[in-house]
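Working notes, beginning with the structure itself.
The values are calculated or read from the model by the stated rules, or taken from the named source; none is laboratory data. It should be emphasised that the depicted structure is a prediction, and the values quoted were computed from it without experimental measurement. All Cβ positions, even for glycine, are placed from backbone atoms using ideal geometry, and neighbour counts span all protein chains on display.
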Amino acid sequence: MELTEIERLKKQVEQLKSTINLLNKNLKESESLKSNFISNIMNEVYNPFSSILSMSENIIDLKGENINKAPDLARIIYREAAQLDFHLQNIFSAATIEAGLETIEKTNFNLNEILTSLHKKFALDINNKNLNINTNITEKDDFTVYSDKQKLCLILTNLFSNSIKHSPENGQIEFYITQEGEILKIKVNDQGDGIPLEKSKEIFDRFKRLDNTINSVSGGYGLGLSIVNAYLEILDGEIEINNGEGTSIELRIPLVDSNSVDTDEDLFSNEELF
């Protein structure tokens, strides 16, 4: 009987050791995730903020015949400020998503306005790499949709930024948006190196990054695709990534015609209320 009791206690001790080891492992992973998230934030904010300070100092120091350099420096400051604003939007969105505070606010809006804004925001980056942007939408097209404008805008911005960032010089980016029935389809093709197959799931984790160097030139994959994936889940959308000669990302987002949405007046008739 004593031997049986001893064996039982030994078994409990082994189970306890196993549980403690698992807890230690989870704690280490948790600390690693926090460290990666902080690295993400530092990388996304540090580079543009540092450039803004540096360029501003250069403008202040301009004198005499060098004053004509001011417009070029101002354009760089504008680009870096736009990048900083974009990265801060990602960071705030990541925090809001993690806190479970994201809500859906749908309105009618024109996608052309977003695309025109994206071309202006990334104009210097596009020109610096001499990229050719092909799109099926022109400024004259009226592409009005009923969805969450803020979320869709950040989704498109991240896709656009990611393609530019990972495209080679003189490369080509295809940015197509179509609507089939109540499904909005967004397809982005670039000629970059593609996303490693073994890392295809990690890019959707906002606490991880494929490039752990804080001040890397390319910036890794950052928070961008994790924000895209999280917003797609909120909007009941889907994402598909294919690697071939570059990377192809296709999104499918369900839309609802605003005219078919019930208003408060439609919910109850006078007879039902009284």
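Worth pointing out:
- Residues of region 108-133 that are surrounded by fewer than 17 Cβ atoms within 10 Å (Cβ to Cβ), out of contact with any Phe, Trp or Tyr (no Cβ under 7 Å at 6 or more places or on another chain), at pLDDT 90 or above and farther than 18 Å from R79 by Cβ: N132 alone.
- Single condition N132 does not satisfy, out of (1) of a type outside the set (A, V, I, L, M); (2) farther than 27 Å from Y46 by Cα; (3) assigned by TED's automatic domain parsing to the domain that holds Y46: (3)
- Residues in region 139-185 that are within 19 Å of F122 (Cα to Cα) and among the hydrophobic types (A, V, I, L, M, F, W, C): L152, C153, L154, I155, L156, L159, F160, I164, I173, F175, I177.
- Restricting attention to region 93-111, the residues that are without any contact (Cβ under 8 Å) to a residue 12 or more places away in the chain and part of a loop (DSSP other than H, G, I, E, B) add up to 4.
- Of the residues making up region 11-18, not a single one is at pLDDT 65 or above, surrounded by 12 or more Cβ atoms within 10 Å (Cβ to Cβ) and assigned to a helix (DSSP H, G or I).
- Residue selection: A81 satisfies the criterion of being assigned to a helix (DSSP H, G or I), under 24 Å from L225 (Cβ atoms) and of a type in the set (A, V, I, L, M).
- For region 141-155, a tally of residues being assigned to a helix (DSSP H, G or I) and not aliphatic (A, V, I, L, M) returns 4.
- Just one of the listed residues (I137, I97) is aliphatic (A, V, I, L, M), more than 30 Å from N47 (Cα to Cα) and modelled with pLDDT under 85, namely I137.
- Pair list, Cβ under 7 Å, 6 or more apart: region 170-192 residue in contact (Cβ under 8 Å) with a residue 24 or more places away in the chain, other residue aromatic (F, W, Y) and assigned to a strand (DSSP E or B): K187/Y176; V188/F175
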